[in-house]
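Notes to accompany the following structure.
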Amino acid sequence: MSEMEGVMMKPVLLAALMMLAAPALAQERPVPPPAKVTYVHAGTLLDRPGQPPRRAATIIIRDGKIAEVRDGYAAPEAGATLIDLKDRFVLPGLIDMHVHLWGIGGDPMRARLGRLNRDSFDEMVEAQKNARATLEAGFTTVRDLGGEPRGVRALRDAIDAGDIAGPTIINAGRMVSVTGGHGDGTNGLAEDFADAVHAHQINTCDGPDDCRRAVRMQIGLGAQVIKFAATGGVLSNVAGGLGRQMTAEEMRTLIDTAHAFGRKVAAHSHAGAGTDAALEAGVDTIDHGTFIDDKTVALFKAKGAWLVPTMIAPVTALAQARSGVLPPATIPKAEAAAAAAFESHKRAIAAGVKIAFGTDSGVSRHGDNAKEFALMVRAGMTPAAAIRAATIDAADALGRKDQIGSIEAGKAADIVAVAGDPTVDVTRLESVDFVMRHGVTVKQRGQRQSFPAN
């Protein structure tokens, strides 16, 4: 055989060897497991909040996602699991735009007393308990707006991996704050302790360039959303009120930086001057919005920003302050916030400002999130509008309307059910007795299910 003939034979031999090996390779290739299929029979189904509910419907779920919604009760296919909710009102999993899962929630005295003898390991245990309570209350997605960055990220990822029961978490890490502002952890500390804390803080900033660094630092630590303190806060252990704390340049720089990284931005804001400046700078959500006037309403509508009212927070904080479990510096701030918040939120709702559901749970108890609905209705929302604020509208505010917020083909199988009609009596949502997240049932007939599922 000539050298040229040998060169020509090599591709032929290689092709023949590949053909011989193909059956063996096919046998070694793992066979994918069959799809996990669940049929849910819903007596009443609010599949698209904002539209009328459907009667007698079947939701078909394949591998954690909605595959189809049919009218009537379809017979399940072979091998499928059937969940009978014919006597229940079924709706999408609820979304809370403002929680703090990290640490002890709703018990400020216990949190203060444990400040020196508890560390991040203890806080992680609390965070897992808080996540489970939140999920079992029907909230399948939350935006966590302040906690230990590494711990919350670990919790988020463990939930996504199916190792821990909890809601989907969109996390912010630490709140970006000016020195001495609401997010400065040195507030109220003795000087020696303050110096030690300040040396390790990465979320405080002063001036536009420093605020750009602080945003990038939070993103580097895994933040999926950025939160900053536009104003003072009720729970800061420092006197000084609820006024504006950041300059317009600082706000604009940090918002532009976050947006450049594809992150939405939430502003903790009470005073009107802080809220107006944050809206002018292009913030995505105003959280709290305690002092809102007609100018602020006009800015909300012009900018297309969302208000996350957290109505239960000032009510809870005022009760805590008056009972003595919060530091004395918080009392006048709690009084001022509680007095103004309801009328401000009522004004915004009446004017058609876009509202997304949020509670600030961690101030109030985790698992009590649905108590916010009654306060929203009291401020002028219909029950149907309040439900929409916690489903499709909250999903829109998160930038995840294509993934969650309604029961439609292609979206995550996040589903809850209650007895009675919450579009008539919104307090029905305070007693969710069925919860499914990503196709996994975690609560049925009011009973906790084993997790991970058998």
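The values are calculated or read from the model by the stated rules, or taken from the named source; none is laboratory data. Model, not experiment: these values are computed from the prediction. Note that each Cβ is placed from the backbone with ideal geometry, even for glycine, and that neighbours are counted across all protein chains shown. All accessible areas refer to the heavy atoms of the entire protein, side chains included, with ligands and DNA or RNA removed. Shrake-Rupley method; radii C 1.70, N 1.55, O 1.52, S 1.80 Å.
Only residues that are buried (at least 24 other Cβ atoms within 10 Å of the Cβ) and not aliphatic (A, V, I, L, M) were counted across the range 366-387, and they come to 4. Scanning the range 256-300 for residues that are in contact with a Gly (Cβ under 7 Å, 6 or more places away or on another chain) and closer than 18 Å to Leu398 by Cα yields Lys264, His268, Asp287. Can you pull out the residues in the range 345-365 that are under 19 Å from Lys227 (Cβ atoms) and either open to solvent by less than 20 Å² (accessible area, probe 1.4 Å) or at pLDDT below 95 (or both)? Of everything in the range 345-365, those that are under 19 Å from Lys227 (Cβ atoms) and either open to solvent by less than 20 Å² (accessible area, probe 1.4 Å) or at pLDDT below 95 (or both) turn out to be Ile355, Ala356, Phe357, Gly358, Thr359, Asp360, Ser361, Gly362, Val363, Ser364.
This table checks each residue for (1) crowded, with 19+ Cβ neighbours inside 10 Å; (2) not β-branched (Val, Ile, Thr).
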residue: Ala389; (1), (2): yes, yes
residue: Asp425; (1), (2): no, yes
residue: Val432; (1), (2): yes, no
residue: Arg437; (1), (2): yes, yes
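Please pick out the residue among Phe342, Phe300 that is modelled with pLDDT of 95 or more and either crowded, with 24+ Cβ neighbours inside 10 Å or part of a helix (DSSP H, G or I) (or both).
Criteria check complete, one pass: Phe300.
Here is a check on your reading of the model: is Ala317 in a helix (DSSP H, G or I), open to solvent by less than 10 Å² (accessible area, probe 1.4 Å) and touching a residue at least 60 places away in the same chain (Cβ under 8 Å)? When the stated conditions are applied, Ala317 passes them. Only residues that are at pLDDT 95 or above and surrounded by fewer than 16 Cβ atoms within 10 Å (Cβ to Cβ) were counted across the range 81-128, and they come to 5.
Within the range 189-229, which residues are open to solvent by 10 Å² or more (accessible area, probe 1.4 Å), among the hydrophobic types (A, V, I, L, M, F, W, C) and either modelled with pLDDT of 90 or more or under 24 Å from the mean Cα position of the chain (by Cα) (or both)? Listed by number, the residues that qualify are Ile202, Met217, Ile219, Leu221. When the range 134-155 is filtered for residues that are in a helix (DSSP H, G or I), hydrophobic (A, V, I, L, M, F, W, C) and crowded, with 20+ Cβ neighbours inside 10 Å, the ones remaining, listed by number, are Leu135, Val152, Leu155. Within the range 202-217, residues that are within 11 Å of Glu249 (Cβ to Cβ) sit with their Cβ atoms under 6 Å from residues that are at pLDDT 95 or above and among the acidic types (Asp, Glu), at 6+ positions apart or across chains, in these pairs: Pro208/Glu249; Pro208/Glu250; Cys211/Glu250.
Within the range 248-264, the set of residues being open to solvent by less than 90 Å² (accessible area, probe 1.4 Å), in a helix (DSSP H, G or I) and either touching a helix residue (DSSP H, G or I) at 6+ places or on another chain (Cβ under 9 Å) or aliphatic (A, V, I, L, M) (or both) comprises Ala248, Glu250, Met251, Thr253, Leu254, Ile255, Asp256, Thr257, Ala258, Ala260.
Taking the range 230-245 as the range and being open to solvent by 30 Å² or more (accessible area, probe 1.4 Å), in a loop (DSSP other than H, G, I, E, B) and either acidic (Asp, Glu) or at pLDDT 75 or above (or both) as the test, only Gln245 passes. In the range 37-67, which residues are farther than 18 Å from Val416 by Cβ and touching a Lys or Arg at 6+ places or on another chain (Cβ under 9 Å)? If the condition is that a residue be farther than 18 Å from Val416 by Cβ and touching a Lys or Arg at 6+ places or on another chain (Cβ under 9 Å), then Val37, Ala56, Arg62, Asp63 are the ones that fit. Restricted to the range 400-418, and to residues there that are small (Gly, Ala, Ser) and surrounded by 15 or more Cβ atoms within 10 Å (Cβ to Cβ), the residue that is nearest to the chain's Cα centre (by Cα) is Gly405.
Selection within the range 303-314: residues that are modelled with pLDDT of 95 or more, in contact with a helix residue (DSSP H, G or I) (Cβ under 8 Å, 6 or more places away or on another chain) and not in a helix (DSSP H, G or I). The member of this set that is most open to solvent (accessible area, probe 1.4 Å) is Trp306.
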